[in-house]
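This report concerns only the one structure given below.
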Amino acid sequence: MYILQKRIEEEGKVLNDDVLRVDMFINHQIDVALLNELGKEYKRRFEGYEITKILTIESSGIAIACITAQYFSVPVVFAKKHESRNMDSSVYQSEVYSFTKEKFYNIRVSKEFILPSDKILIIDDFLANGRAILGLMDIIEQAGASLTGVGVVIEKGFQDGGKKLREAGVKLESLAIIDSMENGNLKFR
Ligand code: 5GP
């Protein structure tokens, strides 16, 4: 996607050789017009696929998932990272290793929001080693629902998440794939 690649090239900041900051348009300040284009692109790439719900993970995935959901006319469910007293005790839970925080945490989704009949599209901002997406897939499996596909905005192709998912037969649609960020130079696939 040219407009996304251009924004990453112009405004993305490479923190070290493996972390990219896109706080100017996705992770802190949000460019809604750009997200609209991403939503349309997901709609195009998943045209004809059955999707009843979009599943994401708080917090950065929520905005992308909500804008995308408008093109599919389905609800968004987001996995929560923090325990909360107002959450039902009946939850699906999975352990995820955070790439950015370098620690394990649990993600939870209330059982009432994923049904065995659901056909789910997972949406997230980044794909690195695939831990977040695999945690969401684990929750879908626990619920007995089906995974239709995964849409990520930025896949870092030099980490192995994309390979793992494609080898597992997942329909993975990454809107931008970065193959290297060495010395701050972005190389797109
Ligand atoms: P994974 O679970 O695939 O290893 O990492 C994906 C998750 O970590 C995403 O949900 C995202 O929040 C975060 N993440 C991974 N790599 C990056 C990165 O380069 N930049 C930012 N901003 N977040 C990242």
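We did not get these values from a lab; they are worked out from the coordinates using the rules stated. Owing to the predicted nature of the structure, the values given are computational and were not obtained by experimental measurement. Don't worry about glycine lacking a Cβ; one is built from the backbone with ideal geometry, like all the others, and counts go over all protein chains shown.
Working ranking of peptides 126-133, 4-11 by packing, defined as the average number of other Cβ atoms within 10 Å per residue, highest first, is 126-133, 4-11. Helical runs (DSSP H, four residues minimum) scored at -39500 (n - 2.57) apiece and divided by the length of the chain put the mean residue ellipticity at 222 nm at -9000 deg cm²/dmol.
Each of Met1, Pro116, Val14 was placed along the dipole of the chain (beta-carbon charges, centred on the mean Cα), and the one lying farthest toward the positive end is Pro116.
Packing around the peptides 136-148, 56-68, 98-110, 160-172, taken as the average count of other Cβ atoms within 10 Å per residue, puts them in this order, highest first: 56-68, 136-148, 160-172, 98-110. With neighbours defined as other Cβ atoms within 10 Å of a residue's Cβ, the residues Lys156, Lys13 order from fewest to most as Lys13, Lys156.
Under a 5 Å amide H cut-off, with hydrogens placed 1.01 Å from N, Leu147 pairs with Ile120 among residues at least 5 apart or on other chains. Across region 155-163, computed HN-Hα scalar couplings (Karplus, 6.51 cos²θ - 1.76 cosθ + 1.60, θ = phi - 60°) run 9, 8, x, 8, 9, 9, x, x, 4 Hz from first to last residue, x flagging Gly and Pro.
Take the Cβ-Cβ distance between Val32 and His82 as r, set R0 to 35 Å, and report the resulting FRET efficiency rounded to the nearest 0.05. The pair Val32/His82 has a calculated efficiency of 0.85.
Counted by Cβ distance under 13 Å from Gly144, the other residues give a net charge of -1, where Lys and Arg count +1 and Asp and Glu count -1.
Summarising the amide proton neighbourhood of Asp179: residues at separation of 5 or more, or on other chains, whose placed amide H is nearer than 5 Å comprise Gly157, Lys187, Phe188, Arg189. Maximal additional length on extending the Lys163-Lys101 stretch stands at 20.1 nm, based on 0.36 nm per residue less the C-alpha distance.
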